[in-house]
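**Student:** Have a look at the structure that comes next, please.
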Amino acid sequence: MTAKPSVLFVCIHNAGRSQMAAGWLTHLAGDRVEVRSAGSAPADRINPTAVAAMAEVGIDLTDQTPKILTVDAVEASDVVITMGCGDACPIFPGKRYEDWKLDDPAGQGIDAVRPIRDEIRTRIDELLAELLPAAT
């Protein structure tokens, strides 16, 4: 792993789970971790309910846009976390891969998205403890 760990969050549309995860990690790690997110088939915009759920905890995703998953993004990342993107994510030797099984917030109301947001926070806390053990 590089001196500054880098994490890539991937889901199909890069509009909900991966954006919330990137928002949490950026919020909690600051500039100590390089954070990326992408999707295998990006949506036109971020899920507004995901944006609202993150705003409730003080994280602003309104300036984010869904991005296409590229080989370069995977190559440049130490850890690749997939969230329901199936086989769309390229596999490179020497990378750490995790698949987080999370409900999809697409089409869900805020009451359904909050538990997803909170589960992502728990997983981000665990990831940070592994990536930056001296800081936690």
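The values are calculated or read from the model by the stated rules, or taken from the named source; none is laboratory data. Treat the numbers as computed from the prediction; the structure is a model and nothing was measured. When we count neighbours, we look across all protein chains shown, and the Cβ atoms used for this are built from the backbone with ideal geometry, even at glycine.
**Student:** On the basis of being outside any helix (DSSP H, G or I), of a type in the set (Ser, Thr, Tyr) and closer than 18 Å to Arg96 by Cα, does Ser18 make the cut?
**Tutor:** No, not satisfied.
**Student:** Taking Ile81, is it assigned to a loop (DSSP other than H, G, I, E, B) and at negative phi?
**Tutor:** No: the conditions fail for Ile81.
**Student:** Please specify each residue of segment 42-66 satisfying the condition of being under 21 Å from Thr82 (Cα atoms), touching a residue at least 40 places away in the same chain (Cβ under 8 Å) and small (Gly, Ala, Ser).
**Tutor:** Ala50, Ala53
**Student:** Follow-up question, since we're still on this one. What residue, among those in segment 92-132 that are β-branched (Val, Ile, Thr) and touching a residue at least 40 places away in the same chain (Cβ under 8 Å), is farthest from Ile46 (Cα to Cα)?
**Tutor:** Ile124
**Student:** Okay, next question. Please work out which residue is farthest from Val57 (Cα to Cα), limiting yourself to segment 1-41 and to residues that are in contact with a Phe, Trp or Tyr (Cβ under 9 Å, 6 or more places away or on another chain) and among the hydroxyl-bearing types (Ser, Thr, Tyr).
**Tutor:** This residue is Ser37.
**Student:** Looking at (1) of a type in the set (A, V, I, L, M, F, W, C); (2) closer than 21 Å to Gly109 by Cα; (3) in contact (Cβ under 8 Å) with a residue 24 or more places away in the chain, which is the one condition that is false for Ile81?
**Tutor:** (2)
**Student:** Another question, if that's okay. Hey, any hits in segment 111-128 for a residue that's closer than 18 Å to Gly23 by Cβ, surrounded by 17 or more Cβ atoms within 10 Å (Cβ to Cβ) and over 16 Å from the mean Cα position of the chain (by Cα)?
**Tutor:** Scanning segment 111-128 turns up no residue that is closer than 18 Å to Gly23 by Cβ, surrounded by 17 or more Cβ atoms within 10 Å (Cβ to Cβ) and over 16 Å from the mean Cα position of the chain (by Cα).
**Student:** Also, I was wondering about something else. Take the residues in segment 17-76 that are within 24 Å of Pro133 (Cβ to Cβ), of a type in the set (D, E, K, R) and surrounded by fewer than 19 Cβ atoms within 10 Å (Cβ to Cβ), then tell me which one is nearest to the chain's Cα centre (by Cα).
**Tutor:** Ranking the qualifying residues of segment 17-76, first place goes to Glu34.
**Student:** Let me ask you something else. Got a sec? Which of Val74, Val51 is under 12 Å from Phe9 (Cα atoms) and in a helix (DSSP H, G or I)?
**Tutor:** From the options Val74, Val51, the qualifying one is Val74.
**Student:** Quick test for you: out of Asp111, Asp104, pick the one residue that is farther than 26 Å from Ala3 by Cα and not in a loop (DSSP other than H, G, I, E, B).
**Tutor:** Residue meeting the stated conditions: Asp111.
**Student:** Within segment 84-136, track down each residue that is basic (Lys, Arg) and modelled with pLDDT under 95.
**Tutor:** Answer for segment 84-136, where residues must be basic (Lys, Arg) and modelled with pLDDT under 95: Lys95, Arg96, Lys101.
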